[in-house]
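Asker: So that we are looking at the same thing, I have put the structure below in structure tokens.
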Amino acid sequence: MLNNDILQALKGYAEKLEQPVTLVLQNGDHDKRDELVDFLEKFTSVSDQLRFEQRDTGGALRSPLSFALEAGGEPTGIVFSGIPGGHEFNSLVLAVLQSGGVALKLDDTIQTLLRRVSEPLHFEVFVSLSCHNCPDVVQAVNQFALLNSHISSEMIDGGLYPELIEARNIQGVPAVFLNGKPFANGKIDTAALLDKLVSLYPQLTEAGAGEARQQLPLQDVTVIGGGPAGVAAAIYAARKGLAVTVVADRIGGQVKDTMGIENLISVPKTTGPELSGALLAHLNEYEVTLKEHLRVDSIEPGEIKRLTLSSGEQIETRTLIVATGAKWRELGVPGEKENIGNGVAYCPHCDGPFFKGKDVAVIGGGNSGIEAALDLAGIVKSVTVFEFLPELKADRVLVQQAEARDNITLLTNVAAQEILSDGGKVNAIAYKNRATGEAQQRELAGVFVQIGLVPNSGFLKGLVDMTPHGEVMVNERGETSAEGIYACGDVTTVPYKQIVVAMGEGAKAALSAFDYLLKQPDPASAINATSEAA
């Protein structure tokens, strides 16, 4: 698992350690233990600052496949139960580096909020090593643990703990438990984790109500959203010498969940995570204030707009660019919400392995639906695609591939009515033949919903004009119905929701905001200093 190239890379990373980090493995026997011991011995061999110990932890760790991180001789609260290979290897590397003194990737406001926790919080994150969404959750709660001794975190490889998976009734990852109770299921980002935490413990934000809320000076441009459109807008605005802030739940947005990207012109092939990293790297080339893992709760319009963030912090800005993108559309039938994580899923890459050898359904006959069916066909026993319209909407080349698979069944002109479950697990789907009206039912173990996206625009209600579907209405300059407020990307009425289109729209919105600011001079604004210097 750890070849020479990886070990050399680790050696370079380990040079950043400011204090020793010890990986402590619980004593005991397990048929996978020798593999884990070999892994940890090689991992810690790259630096004198890394140590490996096997000891009896007095029941503090779950099993002989559990190891804890200690920094400077003190526990960090971070535990890995399993062999963190695959996508979780990066989680281990980051945990070690951050335990050893490398700066955390959390906004100062978030760090202050988490330091207010005063009671024990133990996070358990059940993962699959093939899940590309799981590391984000593991890495987030690991940082939580490093910030506060009251918080602890544990990554659990579900494949090595089948009895625990059965006992917790888990059918999808990541599955997060807090103090032994379900906390979050499925794809979830740091911002959503914080939202859930604050909803359970509102005192975390209330405790800081007396602190200074407005930490930034007046901004020329504030961009909400960190996807291709938002990053493009921020870069174009920053290049004009403006004071720019980006507020985003995560850099990359929906793109980060896309595994294959082959239509970004000049880049023959990339992945969502790679592109997200490139977006962040490009953004960091400019003096842009980044407020990541935060959301905008409310906006007060006016010549100066006032934004209130999920942390309670406020930002005042002369212009606003909305680039919040879209999220997976829910099916909206009985049994869907109730069974998320127990048979209902939205990410075939993450949750497909849990249905190995079982019958599943994919709802949606567009490109995403057929691609999901093709991905799942190599894992599950059978896939049934349900399409509401009389014909599939996917590209013909994808449909032909699906038709060639013996274990894919394509049903058109059918409407899902209800997702059924028994004992807390999905066991069937009820649907109707739209041509005949006949009610039917198909037994299966999982339902993957792939019916498109819905704009992330709820927080704008009453502020700008939107379509009945929630898309922000913009003109050819990216202007909304509200003065000084612009929008771009998948959240808008602009057709063709494509990365390259979103980037162009983001650039256009920033240029429009710049033109607006030129006509609205303000001595306190950075734009005037730029203009005078020119």
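Asker: Just give me the residues in the stretch 450-459 being open to solvent by less than 30 Å² (accessible area, probe 1.4 Å) and either under 19 Å from GLU300 (Cα atoms) or not in a loop (DSSP other than H, G, I, E, B) (or both), in sequence order.
Answerer: Taking the stretch 450-459 as the starting set, the residues that turn out to be open to solvent by less than 30 Å² (accessible area, probe 1.4 Å) are 450, 452, 455, 457.
Residues satisfying the conditions are PRO455, SER457.
Asker: Given the conditions (1) in contact with a Ser or Thr (Cβ under 9 Å, 6 or more places away or on another chain); (2) without any contact (Cβ under 8 Å) to a residue 60 or more places away in the chain, and given that ARG442 satisfies all but one, which numbered condition is not satisfied?
Answerer: So ARG442 meets the others, but not (2).
Asker: Something else now. For the subset of the stretch 257-271 comprising residues that are in contact (Cβ under 8 Å) with a residue 60 or more places away in the chain and under 22 Å from LEU374 (Cα atoms), which member is most open to solvent (accessible area, probe 1.4 Å)? Let's see the steps before the verdict.
Answerer: Initially, the stretch 257-271 is screened for residues in contact (Cβ under 8 Å) with a residue 60 or more places away in the chain, giving 257, 259, 261, 263-265.
Subset that is under 22 Å from LEU374 (Cα atoms): 257, 259, 261, 263.
Numbers: ASP257: 22, MET259: 57, ILE261: 5, ASN263: 84 Å².
By that ranking, first place goes to ASN263.
Asker: Residue under question is ALA402, and the condition is that it be open to solvent by less than 50 Å² (accessible area, probe 1.4 Å) and assigned to a strand (DSSP E or B); does it hold?
Answerer: Values: open to solvent by less than 50 Å² (accessible area, probe 1.4 Å): yes; assigned to a strand (DSSP E or B): no.
Considered against the rule, which asks whether it is open to solvent by less than 50 Å² (accessible area, probe 1.4 Å) and assigned to a strand (DSSP E or B), ALA402 comes out as no.
Asker: Considering every residue within the stretch 46-56, establish whether at least one is small (Gly, Ala, Ser) and more than 28 Å from GLU163 (Cβ to Cβ). Before you say what the answer is, go through the steps one by one.
Answerer: Keep residues of the stretch 46-56 that are small (Gly, Ala, Ser), which gives 47.
Subset that is more than 28 Å from GLU163 (Cβ to Cβ): 47.
So far as the stretch 46-56 goes, yes, one or more of its residues are small (Gly, Ala, Ser) and more than 28 Å from GLU163 (Cβ to Cβ).
Asker: A further question follows. Looking at the stretch 1-16, I want the residues that are over 18 Å from ASP48 (Cβ atoms) and open to solvent by 100 Å² or more (accessible area, probe 1.4 Å) and have a partner that is among the small types (Gly, Ala, Ser) and at pLDDT below 95 with Cβ atoms under 8 Å, at least 6 apart or on another chain. Which pairs are those?
Answerer: If the second residue must be among the small types (Gly, Ala, Ser) and at pLDDT below 95, the pairs left are MET1/GLY85.
Asker: Filtering the stretch 1-50 down to residues that are touching a Phe, Trp or Tyr at 6+ places or on another chain (Cβ under 7 Å) and part of a loop (DSSP other than H, G, I, E, B), which residue is modelled with the highest pLDDT?
Answerer: For the stretch 1-50, the residue satisfying everything is LEU2.
Asker: Which one is farthest from ALA184 (Cα to Cα) among residues in the stretch 301-318 that are open to solvent by 10 Å² or more (accessible area, probe 1.4 Å) and charged (D, E, K, R)?
Answerer: Applying the filter and picking the extreme gives GLU303.
Asker: Looking only at residues in the stretch 109-134 that are within 16 Å of GLN98 (Cβ to Cβ) and out of contact with any strand residue (DSSP E or B) (no Cβ under 8 Å at 6 or more places or on another chain), which one is surrounded by the most Cβ atoms within 10 Å (Cβ to Cβ)?
Answerer: Among those that are within 16 Å of GLN98 (Cβ to Cβ) and out of contact with any strand residue (DSSP E or B) (no Cβ under 8 Å at 6 or more places or on another chain), it is ILE110.
Asker: Pick from the stretch 405-449 the residues that are surrounded by fewer than 14 Cβ atoms within 10 Å (Cβ to Cβ), part of a strand (DSSP E or B) and among the acidic types (Asp, Glu): which of them is modelled with the highest pLDDT?
Answerer: Taking the candidates together, the pick is GLU443.
Asker: Go over the candidates GLY369, GLY365 one by one and state the one that is open to solvent by less than 30 Å² (accessible area, probe 1.4 Å), in a helix (DSSP H, G or I), touching a Phe, Trp or Tyr at 6+ places or on another chain (Cβ under 9 Å) and closer than 21 Å to THR409 by Cβ. Full working, then the answer.
Answerer: On the way: GLY365 fails: in a helix (DSSP H, G or I).
Just a single option satisfies the conditions, and that option is GLY369.
Asker: Could you please find all residues in the stretch 295-334 being part of a loop (DSSP other than H, G, I, E, B), within 18 Å of the chain's Cα centre (by Cα) and either aromatic (Phe, Trp, Tyr) or closer than 19 Å to LYS461 by Cα (or both)?
Answerer: The initial filter retains those residues of the stretch 295-334 that are part of a loop (DSSP other than H, G, I, E, B), namely 295, 301-304, 310-313, 323-325, 329-334.
From what's left, within 18 Å of the chain's Cα centre (by Cα): 295, 310, 323-325, 329-330.
Within the stretch 295-334, ARG295, SER310, ALA323, THR324, GLY325, ARG329 qualify.
Asker: Among the residues of the stretch 460-491 satisfying the criterion of being touching a residue at least 60 places away in the same chain (Cβ under 8 Å) and not in a loop (DSSP other than H, G, I, E, B), which is most open to solvent (accessible area, probe 1.4 Å)?
Answerer: ASP490
Asker: For the subset of the stretch 380-389 comprising residues that are in contact with a Lys or Arg (Cβ under 8 Å, 6 or more places away or on another chain) and assigned to a loop (DSSP other than H, G, I, E, B), which member is most open to solvent (accessible area, probe 1.4 Å)?
Answerer: LYS381
Asker: Scan the stretch 272-294 for residues that are open to solvent by 80 Å² or more (accessible area, probe 1.4 Å) and part of a helix (DSSP H, G or I) and report the count.
Answerer: Step one: of the stretch 272-294, the residues open to solvent by 80 Å² or more (accessible area, probe 1.4 Å) are 274, 282, 284-285, 287.
If we keep only those that are part of a helix (DSSP H, G or I) too, we end up with 274, 282.
So the count comes out to 2.
Asker: Would you check if ARG306 is at pLDDT 95 or above, closer than 30 Å to VAL247 by Cα and basic (Lys, Arg)? Break it down into steps so the answer makes sense when it comes.
Answerer: Values: at pLDDT 95 or above: yes; closer than 30 Å to VAL247 by Cα: yes; basic (Lys, Arg): yes.
The answer is yes for ARG306.
Asker: Return the residue satisfying two criteria in turn: it lies in the stretch 348-362 and is modelled with pLDDT of 90 or more and open to solvent by less than 10 Å² (accessible area, probe 1.4 Å), and of such residues it is farthest from ALA416 (Cα to Cα).
Answerer: Filtering the stretch 348-362 for residues modelled with pLDDT of 90 or more gives 355-362.
With the extra rule that they be open to solvent by less than 10 Å² (accessible area, probe 1.4 Å), the set shrinks to 355, 360-362.
Working: PHE355: 20, VAL360: 14, ALA361: 11, VAL362: 11 Å.
Ranking the qualifying residues of the stretch 348-362, first place goes to PHE355.
Asker: Oh, and also: When you scan the stretch 319-329, do you find a residue that is open to solvent by less than 20 Å² (accessible area, probe 1.4 Å), among the hydroxyl-bearing types (Ser, Thr, Tyr) and touching a strand residue (DSSP E or B) at 6+ places or on another chain (Cβ under 8 Å), even just one? Talk me through it step by step, then tell me what you get.
Answerer: Within the stretch 319-329, the subset open to solvent by less than 20 Å² (accessible area, probe 1.4 Å) is 319-323, 325-326.
Narrowing further to those that are among the hydroxyl-bearing types (Ser, Thr, Tyr): 319.
Filter once more, keeping what is touching a strand residue (DSSP E or B) at 6+ places or on another chain (Cβ under 8 Å): 319.
Yes, because at least one residue in the stretch 319-329 is open to solvent by less than 20 Å² (accessible area, probe 1.4 Å), among the hydroxyl-bearing types (Ser, Thr, Tyr) and touching a strand residue (DSSP E or B) at 6+ places or on another chain (Cβ under 8 Å).
Asker: Something else about it: Run down GLY458, GLY452, GLY506 and say which single residue is at pLDDT 95 or above and either within 29 Å of ALA192 (Cα to Cα) or not β-branched (Val, Ile, Thr) (or both).
Answerer: On the way: GLY458 fails: at pLDDT 95 or above; GLY452 fails: at pLDDT 95 or above.
Answer to the check: GLY506.
Asker: With a cut-off of at least 1 residues that are of a type in the set (A, V, I, L, M, F, W, C), closer than 28 Å to ASP31 by Cβ and without any contact (Cβ under 8 Å) to a residue 60 or more places away in the chain, name the strands (runs of 3 or more DSSP E) lying wholly within the stretch 105-196. Even if it seems obvious, please write down each step before you answer.
Answerer: Values: elements: 121-127, 151-157, 175-178, 181-185.
In the stretch 105-196, the matching strands (runs of 3 or more DSSP E) lie at 121-127, 175-178.
Asker: Separate question: Taking ASP297, is it out of contact with any Leu (no Cβ under 8 Å at 6 or more places or on another chain) and either acidic (Asp, Glu) or open to solvent by less than 20 Å² (accessible area, probe 1.4 Å) (or both)?
Answerer: Numbers: out of contact with any Leu (no Cβ under 8 Å at 6 or more places or on another chain): no; either acidic (Asp, Glu) or open to solvent by less than 20 Å² (accessible area, probe 1.4 Å) (or both): yes.
Here the answer is no, as ASP297 does not meet what is asked.
Asker: Now for a separate question. Out of the stretch 77-104, which residues are open to solvent by 20 Å² or more (accessible area, probe 1.4 Å) and assigned to a loop (DSSP other than H, G, I, E, B)?
Answerer: The answer is GLY101, VAL102, ALA103, LEU104.
Asker: Just to be sure I understand, how many residues within the stretch 158-173 are in contact with a strand residue (DSSP E or B) (Cβ under 6 Å, 6 or more places away or on another chain) and modelled with pLDDT of 90 or more?
Answerer: Final tally of qualifying residues: 1.
The values are calculated or read from the model by the stated rules, or taken from the named source; none is laboratory data. From a predicted model like this one, the values you see are computed outputs, not experimental measurements. Glycine also receives a Cβ, built like all others from the backbone with ideal geometry; neighbour counts cover every protein chain displayed. Note: areas computed on protein heavy atoms with side chains; ligands, DNA, RNA excluded. Shrake-Rupley method; radii C 1.70, N 1.55, O 1.52, S 1.80 Å.
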